[in-house]
Amino acid sequence: MGDQQDKDALYDVLVEAAKALGNGRRAQLIDVLGQGERSVEELAAEIHQSTANTSQHLQRLLRAGLASSRRSGTRIYYSLASPAVERLWRALRETAEAHAGELGELVRAYVGDRTDLSMITRDDLLLRLRQGGVVVLDVRPRPEYDAGHIPGALSLPLSDVKSRLREVPQGGEIVAYCRGAYCLFADEAVRLLADEGRPAARLEEGFPEWKAAGLPVEQSGT
């Protein structure tokens, strides 16, 4: 039978994951890695930190068992340790959204006014994909698209929307998606498309929620 010291040690280990997530930059890294594997340099650019600082945060996630890494040549690539980490991150967000009143105000301040955006649920998008005639745009960075995307989606990173608009088929309904409810890439893409006379809708959530629901996913080259 274990004693109190053993019990304390057990719970201390269990909360290591929570401690690792107790930093905004590390939480952002988990959010980005939920899209797929990335190099430390790419991750540093995503969270607007130096490579050295980003590496320190990643080492903390590695020690907590939340991330894994591999070396390819001179570069080190990081990914989530397992789908369980993504579920943990999603549960944390959902719990905070339900019980932390301040979070709702911060989200509204960050994402801004979305009343001018047409929104579509993933169930509606799935139905439209089955019926045909919808053009789906993945406006995340290309490495995230390559790691996994909605079947049939066209990779059109936000920075390329205007320059590659001619690649978007005419006549069909356009739906743009990105990383999730807090991601602004799809918002900006929908507004840019509207300015060019190509009305579009935004997927309410994003690719991680689509994948978590067990809906079809493709990877580049598959």
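A few remarks follow.
- Test: residue in the range 186-194 that is part of a loop (DSSP other than H, G, I, E, B), modelled with pLDDT of 90 or more and either in contact with a Phe, Trp or Tyr (Cβ under 9 Å, 6 or more places away or on another chain) or under 15 Å from Ser159 (Cβ atoms) (or both): no
- Residue-level check: of (1) open to solvent by 60 Å² or more (accessible area, probe 1.4 Å); (2) basic (Lys, Arg); (3) touching a residue at least 12 places away in the same chain (Cβ under 8 Å), Arg130 misses just (3).
- Residues of the range 54-77 satisfying the condition of being of a type in the set (D, E, K, R) and either surrounded by 13 or more Cβ atoms within 10 Å (Cβ to Cβ) or under 18 Å from Gly24 (Cβ atoms) (or both): Arg60
- Picking from residues in the range 30-50 that are buried (at least 20 other Cβ atoms within 10 Å of the Cβ) and without any contact (Cβ under 8 Å) to a residue 40 or more places away in the chain, the one that is farthest from the chain's Cα centre (by Cα) is Ala44.
- Candidate set from the range 115-127 (those that are part of a loop (DSSP other than H, G, I, E, B) and in contact with a Lys or Arg (Cβ under 8 Å, 6 or more places away or on another chain)); member that is surrounded by the most Cβ atoms within 10 Å (Cβ to Cβ): Leu117
- Options Ser69, Ser55: the member that is more than 16 Å from the chain's Cα centre (by Cα), in a strand (DSSP E or B) and over 20 Å from Gly206 (Cα atoms): Ser69
The values are calculated or read from the model by the stated rules, or taken from the named source; none is laboratory data. Bear in mind that the values here come from a model prediction, so they are computed numbers and not experimental data. Cβ coordinates were reconstructed from backbone atoms using ideal geometry, including for glycine residues, and neighbour counts include every protein chain displayed. Keep in mind that these areas ignore ligands, DNA and RNA; they rest on the heavy atoms of the full protein, side chains included. Shrake-Rupley method; radii C 1.70, N 1.55, O 1.52, S 1.80 Å.
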